[in-house]
Structures are given as C-alpha cells and as structure tokens.
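Here the structure is laid out as structure tokens; the discussion comes afterwards.
The values are calculated or read from the model by the stated rules, or taken from the named source; none is laboratory data. Predicted model, so just to flag it, every value in this text is computed and none were measured. Cβ coordinates were reconstructed from backbone atoms using ideal geometry, including for glycine residues, and neighbour counts include every protein chain displayed. Accessible surface areas use protein heavy atoms only, side chains included; no ligands, DNA or RNA. Shrake-Rupley method; radii C 1.70, N 1.55, O 1.52, S 1.80 Å.
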Amino acid sequence: MVLTGANAVAAPAKVPEAIGYGGAVASIDQDATAIGISVLRHGGNAVDAAVATAAALGVTDPFSNGVGGGGFFVFYEARTGKVYTLDGRETAPATADEKYFQENGVPLPFADAVTSGLSVGVPGTPKTWQTALQKWGRLSLKEAMKPAEQLARKGFTVDQTFQTQISNNIARFSAFPSTRELYLPGGKPPAVGSTFRNPDLANTYRELADTNLRSLYNGAIGREIVKTVQQPPKDPASPLNVRPGRLTLQDLSRYQAIPRDPSKASYRGLDVYSMAPPSSGGTTVGEALNILETKDVRKLSQVDYLHNFLESTRISFADRNRWVGDPDVQAVPTKQLLSQKFANSRACLIDPNKALTSPVAPGDPYNPKPCATTGPGGTILNDGMSTTHLTTADAWGNVVSYTLTIEQEGGNGMVVPGRGFLLNNELTDFNFAPLFPGVPDPNLPGAGKRPRSSMAPTIVLRNGKPFFATGSPGGASIITTTLQVILGRIDRGFSLVQAIAQPRASQRNSALAQVEPAFLALPEADVLAKQYGQGFNAAAAAEIGAATGVERLPDGRWIAAAEPVRRGGGSAAVVFPAR
Ligand code: GLU
C-alpha cells in the first residue's frame, strides 16, 4: 500500500469529537489525525495508523515528540483479546553510574542538565515503530512513514501552539545554530499562518525507512547523534554552559524496544491496562483506582469525590517515588503495588474530613499493614508539561494507546545538524541524587538504565472487549490527568470528551495540589480549600494535560475524543462518520 500526499493530507476540520464506523484517530494535531485516518481508510490497522500518526506528530508537534525521543505503546489485539505493550523508553549510556548528573559530588542544576549532551538517552521511538509494525502491523515502516515524510516536505500551517512553543525556548534554541536556522528563521519564530517545511526531517524519515533504521542505530544518523551529544553544536558566542554527554554508537546499536506485560488493575468489574515499569503510569494510576475502589466514587458528592481523588494520588505518588524504577536493573514490586490488599492498607490513611499533610510516607507493598508507613516520603516536582498522546482504533476492533515524548518542551534544545529533529533530554527523569540518604532510590542513573516515566497510555476493557482508551501529556501530571479522565468517564457521568475537558487538579504528594485556573473557579474548590484545608497552587500551570481517547459503542461505532481547548485543541476523526 502506498499513500500519496494527496490522499494522506486532506485534513478535516479540527473537531474534538467524532463518531462513526471503520476506526478512529485522536491526536493533538489535525494533519496527524488526517494521516492516521487515511491509513485506516486504505486498509491499515490501528497499529499502522498509530505509527503513521506518530510520525506526523514528529513533524507538526516536534517540541513534544519525534524520532529523537521515546515512548510507550499499548495495543489491544482483537484477534486474541490480549493487551501487549512496548517499552520504547530512552536508555542511559553504558558508562552512566549513580553520579552521572553530579559534579564534585554536587547534583547539577536541573536547567543545566536539561540543555546538555548528558541528558540525551538512546532514542527509542523509531525502534518502537519498527517493532510494533513487525509484530502487529500490516504496513512496512516505509509505508507507515511515507505520509509524514511528505508532510515534512510539503509543509503545514504554523499555528499559535507551534509558535508559542518556539517562543518559550528562544534563549536555548538560539544557542544552537542548527536549531536556530530551523525554528528561528530570520531570528524569530515563524508567523502563525505561514507554511513550515522541514526538508531535512523529510530526508531523515526517508533514510530511516530506506535503511530499516540502520542509519540511526548503526550508521550515519547515529554517528551524527553521537557527535551532537559529545560535542554539542553550540554557538561559541552563547553564554550557556552546555555539558557534553557520553552516548556512543555502541549504546545506540544495543537498543531494543522491550515487550513487557501490561500493568493491570481491576476497577468496578473493568480491566484497566496500562504501562508497567519503567513507567510509573500503570502502577500509580492502578494503585489510586484500587484505593478509590474502597469508596463508592459514583455516589460521592462532587466535593467528596474531588477530595478522595486528590488523596488517592497523594498516597500513590508516595509509593511511586519510593518503589518504581527500571525493573531490569532492580526489583520493582509491580504486582504488590497493584494488589488490592496494599491499596486497602493505604486507603485507610484518608481522612474524610481533612487533607493529609505532604509528603506522605510510602507504604511497604511487600508487607502491607493497615495505615502503616515506612521511611520518609518524598516530593519530586521537576516534571514539565510536554509530551503527546494519541489513540487509534480500527474496523477489526484493535486499539492503540500511545504516549511519546522528548521530555521537556523542545527536548535538550539541539537539532541534530542537517537532520531536522530535536534530541531528547529524557535522562533528566532520573533522580540526580538519592531522595533520602540511606534509603534505596530506584530511580538513580545507571548503565543502560531507563529513567522512570509517568506516561500512562491506558486501555479499559469491559468483559474482555474495549470500552475506552485514553492517555495524556504533562510530565508527572500525566498520571493524575489519566486517572481523572478514567473516573470522569466511569463514575461521574461524563462522556469521554467531557471527561477530557474537565478542569484539572493534580496532587502529587506535594504541599499544594497543582490546579488549573478553571478548577479554582469551581464552587467545589472553595469548599475543598475550607473544609479539607487542601491548598492549591494555581501559579504552576495554566493547562494540565491535553488528553485524547477513543471509545467503542455497543453498536460497533467508535467515538474519537480529543482535547477541546488545551494546547490549541486536538483533532478527533473517524473513518465513516455516523452520528
Ligand atoms: N519525561 C516525562 C515522563 O516520561 C514526560 C515529559 C513531560 O511530559 O514533560 O514522564
């Protein structure tokens, strides 16, 4: 199957909800969604559509994701009724150790680490696409990447979000001529409404496809990535102190996208599948759901619901921070964190009349005892608001929930010269020093290790069949947003798109929950603040999480649902609309 530019890029109007037959795609971008739909229309399945949509997002949403980054791919296979996942997380170089982000025993300032060669992990996204297509797709890598290559070559219309994301990064983008030339033509961000072309990226996509990725994992592109990391291509006139990194071609050549068992939580008779470690998404959303299973969330008043929601994630983040890291490097109690017995032992901490004081201490999932805690509790608030989530479904009933990222908005700020894509700064998701002296920290850097993520691409099954799938961008708030969407859809009477649109609050075991201004405007926010002494931090984020999702209706139609407003609004479409 060959998709031509003409049939691949007929972008429909940007709408947040679409209903119909034949399959569905929801992403943050109109061109990317249109490409996914075109793939479905030409006989591709949900996996093909997900890869093609992701490749297009690498073109139009390049500050959130791309071939220089990584992500987690969750797939429901209709034929077997099973859920599979791929861990496409970036990895640290073989020379990394616990002190990787320290100088003379002192952790680097976070911002210095972000814009550095040190922060770059081996990109996992291209390998994820290849592995997913080989295992479950109908298209070749070449076919799946072709429409995005054409989009990069022909160009797309710059919108406000694209321009704003460049403006947010002007200082560091200016420091690298390769980034400056691409994203600050004439010294400033491209105008809204202008056409943006990225022929270097188009050529990179073609080379990746033509070489079946060898160029990146064992060839010319790989060598150029390594050179960019080891000798950051900085303008000598820039005052930025940009540390080089240690990634080698051997690190790249060793990379694999790892098939892992999904995380699974049972919630009110539904099965909630998501990403297991090294992402903390599945275990943390799952533990919070198990905690909330002990309350009847459907029957709670809006105030009591929000209180319990906030407390459930406050507690599950305490456990996440203590126990979750790369399971291939140390033992992670995935099963225990997801056990109902453990959740019960944690739920008993919730006071119906009062907010807990953070940091709450973790529990011991190996030995759960009611209300018992162990060791000190930690708060980690370094996460950004970047990343992108897409969701696809097809006529056969397959579903993909896929979250991908280059970590911070704009990654590490370096476009690989002549290649048209930004590198990730994913390794800054490691803790730079142990959270507490003497307490094992599962998320310290290590050789070939994958940093802990929060990405939570989720698929919810009812009687073994897809009910809905969702996921979100937003650093560690991915977890709270995904949970809020799940609860909104299952318990609070919202449609999927309404659940995605709800005002957000995110409590991650910090003194104050982070909230959107719209959340503060809710009457319940006042009550929560007074009755529960629950403080709010409205300054940190104007927007939390532009989620997307798909839902299967009993009559076989699909609903595609995207964020209506945040990040300029997403794009939902189906193959054959039928309201
Ligand atoms: N690096 C983050 C994670 O894996 C995502 C980046 C972000 O959304 O800011 O959890």
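What size of dipole, in debye to the nearest 20, comes out for the chain about its Cα centre when the only charges are +1 on Lys and Arg C-beta atoms and -1 on Asp and Glu C-beta atoms? Let's see the in-between values first.
Numbers: 55 positive and 49 negative charges, 156 e Å.
Using only the charged Cβ atoms, the result is roughly 740 debye.
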> Taking the alpha-carbon set of the chain, what are its Rg and Dmax in Å?
Replying inline: 22.0, 63
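Relative contact order, percent, of the chain when contacts are C-alpha pairs under 8 Å separated by at least 6 residues? Write down the numbers at each step before the final one.
Values: 1532 pairs, mean separation 145.0, N = 579.
Result for the chain is 25 percent.
Could the peptides 206-213, 308-315, 21-28 be put in order, highest first, of the mean number of other beta-carbon atoms found within 10 Å of their residues? The partial results should precede the final answer.
On the way: 206-213: 17.8, 308-315: 26.4, 21-28: 28.4.
The packing order, highest mean first, is 21-28, 308-315, 206-213.
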> How large, in percent, is the carbon and sulfur part of the accessible surface of the chain at a probe radius of 1.4 Å?
Replying inline: 52 percent
> Just the accessible area per residue of the chain, please: how many Å² with a 1.4 Å probe?
Replying inline: 33 Å²
>> What whole-number distance in Å separates the alpha-carbon centres of the range 380-432 and the range 12-77?
In response: 14 Å
> Looking at G71, L270, N344, which one has the Cα that reaches farthest to the positive end of the dipole of the chain (charges on Cβ: Lys, Arg +1; Asp, Glu -1)?
Replying inline: L270
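Which order do the peptides 462-470, 115-123, 286-294, 494-502 take when ranked by the mean count of other beta-carbon atoms within 10 Å per residue, highest first?
Working: 462-470: 19.3, 115-123: 28.1, 286-294: 25.4, 494-502: 21.4.
For the peptides 462-470, 115-123, 286-294, 494-502, the packing ranking is 115-123, 286-294, 494-502, 462-470.
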> Which residues in the range 381-420 have a backbone N closer than 16 Å to a point placed 7 Å from the Cα of T164 along the Cα-to-Cβ line?
Replying inline: 385-388, 409-410
> Assigning unit charges at the beta carbon (Lys, Arg +1; Asp, Glu -1) and nothing else, what dipole magnitude in debye, to the nearest 20, does the range 195-243 show about its Cα centre?
Replying inline: 120 debye
>> Suppose only helical runs count, i.e. DSSP H with n ≥ 4. What mean residue ellipticity at 222 nm does that imply for the chain under -39500 (n - 2.57) per run, divided by all residues and rounded to the nearest 500 deg cm²/dmol?
In response: -9500 deg cm²/dmol
> Amide H to amide H under 5 Å from F73: which residues, 5+ apart in sequence or cross-chain, H placed 1.01 Å off N in plane?
Replying inline: L86, G88
> Cross-link partners among aspartates and glutamates for K154, C-alpha distance below 16 Å, same-chain residues fewer than 8 apart left out?
Replying inline: D31, D61, D200
> Do the alpha carbons of any pairs in K264/K295; K127/K234; K14/K299; K142/K465 sit beyond 26 Å of each other, and which pairs?
Replying inline: K127/K234; K14/K299; K142/K465
>> Defining a contact as two alpha carbons under 8 Å apart and six or more residues distant in sequence, what relative contact order in percent does the range 5-142 show?
In response: 21 percent
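Sorted by packing (mean other beta-carbon atoms within 10 Å per residue), highest first, where do 355-362, 413-420 land? It would help to have the intermediate numbers written out before the result.
Details: 355-362: 18.8, 413-420: 23.1.
In descending order of packing, they fall as 413-420, 355-362.
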